[in-house]
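Values quoted throughout were computed directly from the atomic coordinates according to the rules given, and no laboratory measurement underlies them. Since the structure is predicted, the reported quantities are computational estimates derived from the model, not experimental observations.
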Amino acid sequence: MLAPEVPMSHSVAGEPPSAGRRAAPLTTAVYSASEWDLLTSLPGRVLVAAAAPGPGRPERGVLAGLAGLDALAAGRAFDSDLVRAVVAAIYARHDGTPEPAERLTDLVDLLAACRAASRVLHRRADPADSAAYRQWVQSVAARVCRAAPRAGERPASRPASPADRRFLDRLGGALGLG
């Protein structure tokens, strides 16, 4: 199965696409099926890992999951064709096959997947799309980590715990953001 061609933010010549017209994807910007799966599964894996309790990390509630889903959906408004295409692909999945739990929550595997996605983006994506995708994935984790653990608590009044900050720092490093 071939991955869909994902239009990039800029034309082949490097100029922005003309109004009302999407840029034609470069041949080298077409993702393989495994690369596309990596890019479309990574945001959900990050959400699950950010919501998982761990040493020094608080128990997360439903509000944290909802904050993560809201952050995923916020990608629909990004000024990046790649991020919007990934969000559309996430919402279009209907196979109902859950990913193995160990794949979703193993931090070492998650960080390796982030580094692999960064390499794919470096090779194939427009630099602006690459940056937008990596920042969006980081923002999903940040919103989950800062969400209120219980109804009635204000998320803004609750800074990320030191363990959450370490998690976010490691994630940002793996995504090439810091």
Checklist outcome for this item: Residue span Ala131 to Ala88: 0.36 nm per residue of separation minus Cα-Cα distance leaves a gain in nm of 13.6 nm
Item to check | Length released on extending from Asp70 to Arg115, taking residue separation times 0.36 nm less the Cα-Cα span | outcome: 13.8 nm
